[in-house]
Amino acid sequence: MAIINSVKGFTPRFGQGCFFAENTVITGDVTAGDGCSFWYGSVIRGDVNTITIGNRVNIQDGAVVHCNYRDAKDDNGKKDNNG
């Protein structure tokens, strides 16, 4: 089962029909739309700033999505492939 954690009072939110590989890690201020997929070894860290993932976005094996600065948000569009 995927690891989904709250950080600093933010809990990840997901649309309908998302797929999570069992070793995916998603933490903090993360919002994902409908039909997203999070593949093996992917890490999405919303511990510093907001990460917004549109509908039908595919986060590939081993991908890391993270913001390094408080003023740098990450916004992945719809039908996007990352990895």
Log entry, pairs with first residue in the stretch 37-49 being surrounded by 18 or more Cβ atoms within 10 Å (Cβ to Cβ), second being hydroxyl-bearing (Ser, Thr, Tyr) and modelled with pLDDT of 95 or more, beta carbons closer than 6 Å, six or more apart or on different chains, reads Phe38/Thr24; Ser42/Thr24; Arg45/Thr27
Flag if Phe10 is over 17 Å from Asp61 (Cα atoms) and among the aromatic types (Phe, Trp, Tyr) = yes
Of the residues Gly28, Gly35, which single one is of a type outside the set (Lys, Arg), in contact with a Gly (Cβ under 8 Å, 6 or more places away or on another chain) and part of a loop (DSSP other than H, G, I, E, B)?
-> Gly35
If you scan the stretch 38-69, which residues turn out to be over 10 Å from the mean Cα position of the chain (by Cα) and within 11 Å of Ile26 (Cα to Cα)?
-> Gly41, Asp47
For the stretch 1-36, name all the residues that are out of contact with any strand residue (DSSP E or B) (no Cβ under 7 Å at 6 or more places or on another chain) and either free of Cβ contacts under 8 Å to residues at least 12 places away in the same chain or not small (Gly, Ala, Ser) (or both).
-> Met1, Gly9, Thr11, Gln16, Glu22, Asn23, Asp34
Within the stretch 13-36, restricting attention to residues that are polar (S, T, N, Q) and within 18 Å of Gly62 (Cβ to Cβ), which residue is surrounded by the fewest Cβ atoms within 10 Å (Cβ to Cβ)?
-> Asn23
Residue among Gly28, Gly33 that alone is on the phi > 0 side of the Ramachandran plot and at pLDDT 95 or above = Gly28
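The values are calculated or read from the model by the stated rules, or taken from the named source; none is laboratory data. Nothing here was measured: the structure is a model prediction, and the numbers come from that model. Quick reminder, even Gly has a Cβ in these numbers, built from the backbone with ideal geometry, and neighbours come from all protein chains shown.
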